[in-house]
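Report on the structure given below.
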Amino acid sequence: MRMRLRLKTVFVLYFMVSLLGLIYALMQLGQRCDCRGHAMSKDQQISQLRGELQKLQEHIKTELSKKTDVPKIYVITPTYARLVQKAELTRLSHTFLHVPQLHWIVVEDAPQPTPLVTDFLAASGLTYAHLHKLTPKDRKLQEGDPSWLKPRGAEQRNEGLRWLREMGAAAEGKEAAALEEAVVYFADDDNTYSLQLFEEMRYTYRVSVWPVGLVGGMKFERPVVEDGKVVRFHTGWHPNRPFPIDMAGFAVSLRLILTNPQARFDGDAQMGFLESSFLQHLVTMDDFEPKADLCTKVLVWHTRTEKPKMKREDALQKQGLGSDPDVEV
Amino acid sequence: MPKRRDILAIVLIVLPWTLLITVWHQSAIAPLLAIRKGTNDGTETRHDTGPATDSKEYCSQDKDIVEVVRTEYVYTRPPPWSDVLPTIHVITPTYSRPVQKAELTRLANTFLHVPNLHWILVEDSQRRTPLVTRLLRETGLNYTHLNVETPRNYKLRGDMRDPRIPRGTMQRNLALRWLRETFNSNSSQAGIVYFADDDNTYSLELFEEMRSTRKVSVWPVAFVGGLRYESPKVNAAGKVYGWKTVFDPHRPFAIDMAGFAINLRLILFKPQAYFKLRGVKGGYQESSLLRELVTLNDLEPKAANCTKILVWHTRTEKPVLVNEGKKGFTDPNVEI
């Protein structure tokens with residue numbers, strides 16, 4: 001009799017425990033996934049999820065566009081007419097469209113704005129300023145010159161700085177206050193920029209720096225940081241430059257530019273010294289703010305695009321049978 | 001009487017467990033396990049639930065891939081998935097080299113603007129590399145990550161261009177096979193397949209042009225064939241009748257990989273159509289696939305009857321890494 005009773009209680013206990021466990025598990029499942037087959041059809045479920053997704057994304061979008069309180073980033077891009085120009089500007093604009101509060105200052109190396117760039121910028125969806133400044137003939141690279149012979153883009157970048165200074169002088173009140181926090185970045189049209197880079201540079205007090213990939217004959221060049229300060233630069237090419245850093249490797253606060261009206265790029269500077277010619281007016285190495293995880297991550301790459309081979313086009317053009325020049329490439 | 005009681009007791013013990021097992025089976029766990037195992041080629045597909053949950057469990061066999069909303073500050077979300085737009089499946093073969101991460105980054109920045117885009121990235125490698133895995137995850141794009149290694153004899157050796165062995169062929173074929181295994185021809189999944197190399201430049205307009213493809217659509221491509229652009233020849237009736245190229249215009253389809261898109265239904269309808277691997281002359285790779293799918297008459301010209309350039313066959317220079325020297329100057333742990 002005793003044995004039986006014991007067994008009975010054991011069974012009852014076991015039954016209760018397993019039932020409770022089952023209920024608990026079902027409740028867990030029920031919360032996590034609504035796809036229990038008969039309850040809701042799959043399509044209903046999908047559209048319900050999508051609806052929710054859309055709502056949330058709309059919410060995030062409106063939040064993003066409300067993001068007017070983050071410091072502006074002014075990106076100065078010198079550009080010049082060549083076959084790949086439109087392609088380069090196109091993919092660059094795709095990157096910039098993701099960055100809030102970005103103002104693109106495009107400076108053409110041309111006597112006047114070209115229709116290609118004018119139309120392109122108008123259709124891009126970006127906030128932009130379209131400038132132009134022709135490089136004097138003696139400073140310009142000639143056809144066949146290697147790219148390292150003369151520094152390129154100095155006049156155009158200076159023109160961008162001039163425009164910023166003009167804007168700074170004219171601004172007042174809230175606008176002027178916003179300019180105090182803004183940041184200026186020099187972005188060439190053939191480099192590659194990650195989106196994170198812009199968030200790293202957004203809060204720059206003086207001059208912030210970070211590594212640049214695929215430059216200086218190496219996988220990357222970077223500032224060397226010790227105790228949170230930049231002590232030297234890790235580069236294999238002319239490390240004895242005052243600032244052995246690439247144009248894509250630093251950003252300057254607009255405030256610093258506005259308070260140093262003499263700071264500009266020296267178009268006569270030796271190749272590789274262009275950045276130094278500008279930065280030496282503004283900071284010393286101690287003032288550099290290291291970004292990108294204390295300069296250990298590569299967030300920008302100094303890519304270069306090949307010049308497309310035009311042998312057949314040239315041959316055709318000689319015969320007067322070249323491709324339709326009205327088709328913009 | 002005791003016997004009945006015993007039977008009752010046994011039933012009461014077994015019942016909860018059978019209930020549990022059946023319900024568990026129907027629930028998310030089974031598909032989750034299936035996904036985790038993956039297929040033979042080692043695929044990783046992105047199936048995520050809506051924003052309400054961030055748990056690891058996925059809802060059952062949801063072929064309508066719903067991408068998760070990311071709250072990171074870095075990337076904006078891809079546009080909301082639409083019920084109406086056909087999905088564009090972009091097949092990109094890629095391989096490791098110094099500029100790879102840069103190329104994929106700027107490509108991703110472009111794709112993030114295109115609604116209903118599904119990126120099928122196929123690595124030419126033995127295993128899926130951490131670099132690409134991480135990159136794909138961080139973009140927030142809807143993607144499928146595959147890999148297949150081109151056997152040594154097929155690979156291009158260094159800079160020597162052997163035009164008989166086109167690069168990326170095995171990778172593109174693997175993606176086609178994945179599509180055929182994933183989608184069955186009866187499904188109402190509207191999709192377009194596009195082959196996008198990782199160094200080209202694509203305008204956003206291009207993707208909207210290709211979305212209306214019924215069979216195979218074509219358009220001009222800049223910087224190919226030694227010309228400013230190559231283009232299909234379109235007659236007054238809006239039909240393609242030839243090719244405006246200098247390099248072998250008598251190829252069945254004298255068009256670059258970036259110059260056409262195929263409707264997914266056609267890919268599924270002709271499951272034997274693949275890019276030819278061996279014995280393909282330079283410039284004939286595209287023809288090796290297209291001739292099994294369409295005739296010239298079926299081609300749909302896009303980009304304003306093939307008068308606008310919406311895609312550029314750009315090539316990125318190989319970076320000169322002389323200063324790395326033999327032992328490497330920079331920290332090899334830093335990813336570029």
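The values are calculated or read from the model by the stated rules, or taken from the named source; none is laboratory data. Predicted model only: the values in this text are computed from it and were never measured. Methodologically, a virtual Cβ is constructed for each residue, glycine included, from the backbone with ideal geometry; neighbour enumeration extends over all protein chains shown. These area figures cover heavy atoms from the full protein model, side chains too; ligands, DNA and RNA do not enter into them. Shrake-Rupley method; radii C 1.70, N 1.55, O 1.52, S 1.80 Å.
Here are a few things to note about the model shown:
- Strands (runs of 3 or more DSSP E) (entirely within the stretch A:219-258) containing at least 2 residues that are open to solvent by less than 10 Å² (accessible area, probe 1.4 Å) and small (Gly, Ala, Ser): A:250-253
- Of all residues in the stretch B:311-326, those that are open to solvent by 60 Å² or more (accessible area, probe 1.4 Å) and in contact (Cβ under 8 Å) with a residue 40 or more places away in the chain total 2.
- Checklist (1) closer than 21 Å to B:Ala196 by Cα; (2) within 25 Å of the chain's Cα centre (by Cα) applied to B:Phe269, failing item: (1)
- Residue satisfying condition, being facing chain B (nearest Cβ under 10 Å), at pLDDT 95 or above and out of contact with any His (no Cβ under 8 Å at 6 or more places or on another chain), within set A:Thr90, A:Thr77: A:Thr90
- Residue within the stretch A:115-123 that is more than 24 Å from A:Thr305 (Cα to Cα), part of a helix (DSSP H, G or I) and either of a type outside the set (Asp, Glu) or at pLDDT below 85 (or both) present: yes
- A:Val225 falls short of the stated requirement of being more than 8 Å from every other protein chain (Cβ to nearest Cβ), in contact (Cβ under 8 Å) with a residue 12 or more places away in the chain and touching a His at 6+ places or on another chain (Cβ under 6 Å).
- Flag if A:Phe278 is open to solvent by less than 10 Å² (accessible area, probe 1.4 Å), in contact with a Phe, Trp or Tyr (Cβ under 6 Å, 6 or more places away or on another chain) and either free of Cβ contacts under 8 Å to residues at least 12 places away in the same chain or not in a loop (DSSP other than H, G, I, E, B) (or both): yes
- Restricting attention to the stretch A:234-270, the residues being of a type in the set (Asp, Glu) and over 17 Å from A:Val224 (Cα atoms) number 2.
- Any hit, the stretch B:193-203, residues being of a type in the set (A, V, I, L, M), modelled with pLDDT of 95 or more, closer than 24 Å to A:Thr303 by Cβ and open to solvent by less than 30 Å² (accessible area, probe 1.4 Å): yes
- Some residue of the stretch B:246-264 being within 29 Å of B:Ala102 (Cα to Cα), without any contact (Cβ under 8 Å) to a residue 40 or more places away in the chain and surrounded by 21 or more Cβ atoms within 10 Å (Cβ to Cβ): yes
- Selection count, the stretch A:174-199, where residues are within 14 Å of chain B (Cβ to nearest Cβ) and either assigned to a loop (DSSP other than H, G, I, E, B) or surrounded by fewer than 21 Cβ atoms within 10 Å (Cβ to Cβ) (or both): 8
- Matching residues in the stretch B:311-336 - criterion: being touching a Lys or Arg at 6+ places or on another chain (Cβ under 8 Å) and within 17 Å of B:Ser203 (Cα to Cα): B:Trp312
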